[in-house]
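Input: a single structure, listed below in structure tokens.
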Amino acid sequence: MLNNTLSNALSKVLNAERAGKDSCEIRPSSSTIKRVFEIMKDNGYVGDVDEHADSRGGRIVVSLIGSINKCGVITPRFPVGKAGYERFEKVYLPAKDFGLLIVSTPKGLMTHLDAKRQGYGGKLVSYCY
């Protein structure tokens with residue numbers, strides 16, 4: 001039984017990346033998982049993200065480009081204010097300005113850099129570097 005589908009998806013992508021595969025199929029899919037992979041695509045961590053709908057929850061096919069060192073889910077989902085991102089950068093990212101935190105804000109999922117720039121707080125969802 002799957003407890004955290006986002007965690008399973010990120011683990012599957014990380015394992016496929018380490019095995020040297022060129023794509024990975026994520027099943028079941030959700031809008032949150034798709035949005036996390038779109039953010040990773042926009043920041044150059046994965047290639048194309050294709051969603052295929054079917055009667056069993058759908059699937060997402062992610063093409064891998066070999067640039068993920070580590071990614072994972074942040075649990076519990078810590079609340080962070082608009083001035084508190086630096087504390088969590090030190091905990092989850094290896095160096096300053098290296099990697100990204102994905103944050104759930106009132107305006108949707110975005111990177112911590114965009115949230116800082118726009119002045120939003122939110123809940124931490126995942127990290128990638």
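Those residues that are assigned to a loop (DSSP other than H, G, I, E, B) and free of Cβ contacts under 8 Å to residues at least 40 places away in the same chain, I need them from segment 43-71; list them, please. Outline the logic, then answer.
Pass one, segment 43-71, residues assigned to a loop (DSSP other than H, G, I, E, B): 43-45, 53-58, 65-70.
The answer is G44, A53, D54, S55, R56, G57, G58, I65, S67.
Among the residues of segment 32-40, none qualifies, meaning not one is basic (K, R) and over 22 Å from L124 (Cβ atoms).
If the condition is being under 22 Å from L2 (Cα atoms) and among the polar types (S, T, N, Q), then segment 45-67 contributes only S55.
Which is surrounded by 19 or more Cβ atoms within 10 Å (Cβ to Cβ), in a strand (DSSP E or B) and in contact with an Asp or Glu (Cβ under 9 Å, 6 or more places away or on another chain), of V125, V103?
Numbers: V125 fails: in contact with an Asp or Glu (Cβ under 9 Å, 6 or more places away or on another chain).
Result: V103 is the single residue among V125, V103 that is surrounded by 19 or more Cβ atoms within 10 Å (Cβ to Cβ), in a strand (DSSP E or B) and in contact with an Asp or Glu (Cβ under 9 Å, 6 or more places away or on another chain).
Name every residue in segment 48-77 that is surrounded by 14 or more Cβ atoms within 10 Å (Cβ to Cβ) and touching a Lys or Arg at 6+ places or on another chain (Cβ under 7 Å), in order of residue number. Correct list: V49, E51, R59, I60, L64, R77.
Coordinate-derived values only; no laboratory data. Only a predicted model underlies this, so the values are computations on that prediction, with no experimental measurement involved. Because the Cβ atoms are built from the backbone with ideal geometry, glycine has one as well, and the counts that use them run over all protein chains shown.
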